[in-house]
Amino acid sequence: AERLANKIVLITGASSGIGAATAKEFASAANGNIKLILTARRQDRLTELASELTKQYKPIQIHTAKLDVSDANSIGPFITALPKEFSDIDVLINNAGKALGKDQVGNIATDDINGMLQTNVLGLITMTQAVIPLFKKKDAGDIVNIGSIAGREPYPGGAIYCATKSAVKFFSHSLRKELINTGIRVLEVDPGAVETEFSVVRFHGDKAAADKVYEGTTPLTPEDIAEVIVFGVSRRQNTVVAESLVFPSHQAGASHIYKKQ
Ligand code: NDP
Ligand code: 8X3
């Protein structure tokens, strides 16, 4: 809790799943001695989460903001316009991301391709670029990028999503090397199957198709990943939990493996 005390943590995609769970985990681990900037497109969800955490974790301070990371031009101005008491960010959690569809190359909707690339890759890169100058100025700060098993092991129907997550991996690696002479840490957390709104979003709202993904398995909960994220950030400054691959116990590779019978 001491290592997290008075930190300012910015989370993208905090309205659901891993992002929302990470907000709660930081609040709890710091006993409320923390400031959170919670962003996503669904402001109502953020307001609800903020009021829940504010009640439960005094003296926590929370700033919520509607931010669409796929709108790259809005990111720089958002960082610059943060209220003064939230402007000196210490930890950036690049969590906003999605898979859209499971169509194979040749049949992938252009909107799905753009949605994944703009959110998972361009959004993450632009957010990082906007925050890096602050971190360099104080020679400190943590960047936590949420990758995926899909960035390590591609699967049919995942060409774009897997490409975006491997882009997150190599971007994170390059950045860690660029920052080797600084006090800035780059952490990458790669989850396996976590039951969140991820599959509902992937199947464009088809709840039955989403439920089928986890049928007969015990997936991770978003809290499981939140614990790993907060663990990494709360290590001693000289410790970098550079990459964490986290599976539920039934999984040991990409969750979608196609086999010809
Ligand atoms: P959820 O769908 O539950 O949450 C995704 C979050 O991202 C939501 O808060 C959503 O908020 C936000 N988001 C989506 N698009 C945008 C956007 N354009 N701008 C800002 N925020 C956006 O899924 P998860 O919690 O599972 O996903 C979080 C991360 O974890 C993603 O990067 C995902 O790829 C990764 N991941 C998930 C796995 C899983 O099995 N669930 C496994 C491996 C990685 P809103 O809609 O309000 O904008
Ligand atoms: C989500 C994991 O395997 O469904 O990143 O693509 S998978």
* Asked: From the set of residues in region 134-154 that are in a loop (DSSP other than H, G, I, E, B) and within 9 Å of ligand 2 (Cβ to nearest atom), which is most open to solvent (accessible area, probe 1.4 Å)?
  -> Glu153
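Matching residues to (1) polar (S, T, N, Q); (2) open to solvent by less than 40 Å² (accessible area, probe 1.4 Å); (3) touching a strand residue (DSSP E or B) at 6+ places or on another chain (Cβ under 9 Å):
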residue: Ala23; (1), (2), (3): no, yes, yes
residue: Leu36; (1), (2), (3): no, yes, yes
residue: Leu49; (1), (2), (3): no, yes, yes
residue: Thr64; (1), (2), (3): yes, yes, yes
residue: Ile75; (1), (2), (3): no, yes, no
* **Matching residues in region 1-21 - criterion: being assigned to a loop (DSSP other than H, G, I, E, B) and open to solvent by less than 10 Å² (accessible area, probe 1.4 Å)** => Ala14
* To do: Hey, can you tell me all the residues within region 213-230 that are within 12 Å of ligand 2 (Cβ to nearest atom) and within 30 Å of Val240 (Cβ to Cβ)?
  => Pro219, Leu220, Ile225
* Structure fact -> Scanning region 197-212 for residues that are within 12 Å of ligand 2 (Cβ to nearest atom) and open to solvent by less than 50 Å² (accessible area, probe 1.4 Å), the one nearest to Lys24 (Cα to Cα) turns out to be Ser199
* Asked: Got at least one residue in region 194-204 being farther than 29 Å from Ile143 by Cα and either at pLDDT 95 or above or not aliphatic (A, V, I, L, M) (or both)?
  -> yes
* Regarding Ala193, is this residue open to solvent by less than 60 Å² (accessible area, probe 1.4 Å) and within 11 Å of ligand 2 (Cβ to nearest atom)? -> yes
* Going through region 213-225 one residue at a time, which ones are within 20 Å of Arg45 (Cα to Cα) and open to solvent by 70 Å² or more (accessible area, probe 1.4 Å)? -> Glu223
* Consider Lys98 carefully, then state whether it is in contact (Cβ under 8 Å) with a residue 24 or more places away in the chain and open to solvent by 60 Å² or more (accessible area, probe 1.4 Å). => no
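The values are calculated or read from the model by the stated rules, or taken from the named source; none is laboratory data. Predicted model only: the values in this text are computed from it and were never measured. Heads up, the Cβs are rebuilt from the backbone with ideal geometry, glycines too, and the neighbour counts pull from every protein chain shown. These area figures cover heavy atoms from the full protein model, side chains too; ligands, DNA and RNA do not enter into them. Shrake-Rupley method; radii C 1.70, N 1.55, O 1.52, S 1.80 Å.
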